[in-house]
Amino acid sequence: MRKLERLLADAEARRARRIVTVGAAGSHHVLATGIWARERGFEVEAVLVPQRRTAHVVENLRADLGAGVRVLPAFSYAHAAVRILGRICLGSYYIPVGGSSLLGTLAYVDAARELASQVRSGNLPEPDVVVVALGSGGTAAGLAAGFALEAMKTRILAVTVSEPAWWIARRVRSLAKAALKHEAKRLRVRVPETRLLVDAGYLGAGYGQCTDAGERAFSIGAEVGLTLDLTYTAKAFAAALDVADKGDATDVLYWHTLSSAPIERWLESAPAESALDPELRGLLLNP
């Protein structure tokens, strides 16, 4: 939502009429883009790549269709790039995977500044570490850059949930550097390596693959009313629990990135899984 606030405003300023974005079959970003861009009058197209089938993934894909998103299936991210290029050539406003462009990243610089303001107001202690899921990189990068700009001691623990892990690690640091350069102007501010830590130890067998630690965190979250998903947030919450258990940090803040808002409204008008076009069913891989 934070990223889309900036990105859709930019699309409006450029007088775009159509948004094209990309993600896996059950992408939360794609669904959010579809819902909010359509409400602001845009046509929305989403290039989707296959993802392992779970009830959650199927529900999000169906909700995309119910929200009026035109889904363009792709066999891989390489194939997706070709399809995206074709749509951009026709005048679409492009939002990258996860909304993690520089503009999207700056939305989480705003978020870091909000947290810094809350700390200064005495609403909470300054966190020793903020734990967040690392998918496309914009969230963790923006928070890291924002904390540096606000001269906070807070470290970011970015928990890798997507692949390739080495590229994601490079991407998040590159986005943090770009955000700092954009915001700091002539100030010499940087994000030290020790302030932006990337941990791929919770990824498991790969993107969308469940882990024992994630399932345990999922159950603990449910006990306290926290809605998690096994692809992204459960893995990050597992890392937060481990950091707290080890006692390496006094104040640990888990930054939640999954909406728990009901999506029944869009599912009501969506086709059942059995009624999906064969190309769309092909996006759902067997577990």
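You will find that of ALA234, ALA222, ALA238, the residue that is touching a Phe, Trp or Tyr at 6+ places or on another chain (Cβ under 7 Å), modelled with pLDDT of 95 or more, over 17 Å from VAL57 (Cβ atoms) and in the same structural domain as ALA148 (by TED's automatic domain parsing) is ALA238 and no other. Is the stretch 121-133 home to any residue that is outside the structural domain of TRP166 (by TED's automatic domain parsing) and either of a type in the set (S, T, N, Q) or in contact with a helix residue (DSSP H, G or I) (Cβ under 7 Å, 6 or more places away or on another chain) (or both)? No: zero hits.
Among the residues making up the stretch 11-44, a single one is within 17 Å of GLY91 (Cβ to Cβ), of a type in the set (Asp, Glu) and assigned to a helix (DSSP H, G or I): GLU12. Given the condition at pLDDT below 95 and not β-branched (Val, Ile, Thr), answer yes or no: does some residue in the stretch 106-118 qualify? Scanning the stretch 106-118 turns up no residue that is at pLDDT below 95 and not β-branched (Val, Ile, Thr). Say we look at the stretch 102-118 and pick out the residues that are farther than 19 Å from LEU157 by Cα and touching a residue at least 24 places away in the same chain (Cβ under 8 Å); which of these is surrounded by the fewest Cβ atoms within 10 Å (Cβ to Cβ)? Checked the stretch 102-118; the qualifying residue surrounded by the fewest Cβ atoms within 10 Å (Cβ to Cβ) is LEU102.
Residues that are out of contact with any Phe, Trp or Tyr (no Cβ under 8 Å at 6 or more places or on another chain) and among the small types (Gly, Ala, Ser) were ranked within the stretch 1-23; the one that is surrounded by the most Cβ atoms within 10 Å (Cβ to Cβ) is GLY23. Within the stretch 139-188, which residues are charged (D, E, K, R), at pLDDT below 95 and within 21 Å of the chain's Cα centre (by Cα)? Residues satisfying the conditions are GLU163, LYS177.
Of everything in the stretch 33-69 that is modelled with pLDDT of 95 or more and basic (Lys, Arg), the residue that is surrounded by the fewest Cβ atoms within 10 Å (Cβ to Cβ) is ARG40. The condition of being assigned to a helix (DSSP H, G or I) and not basic (Lys, Arg) holds for only one of ALA205, ALA244, that being ALA244. The condition (being within 25 Å of LEU31 (Cα to Cα) and more than 17 Å from the chain's Cα centre (by Cα)) is satisfied by just one residue among ILE88, ILE95: ILE88. Answer yes if at least one residue in the stretch 248-256 is modelled with pLDDT of 95 or more, over 21 Å from the mean Cα position of the chain (by Cα) and over 27 Å from ALA67 (Cβ atoms), and no otherwise. Scanning the stretch 248-256, I find at least one residue that is modelled with pLDDT of 95 or more, over 21 Å from the mean Cα position of the chain (by Cα) and over 27 Å from ALA67 (Cβ atoms), so the answer is yes. Residues that are touching a Lys or Arg at 6+ places or on another chain (Cβ under 9 Å) and within 16 Å of ALA140 (Cα to Cα) were ranked within the stretch 70-101; the one that is surrounded by the most Cβ atoms within 10 Å (Cβ to Cβ) is GLY99.
The values are calculated or read from the model by the stated rules, or taken from the named source; none is laboratory data. Source: prediction; values computed, not measured. In this analysis, Cβ positions are derived from the backbone assuming ideal geometry, glycine residues included, and neighbour counts consider all displayed protein chains.
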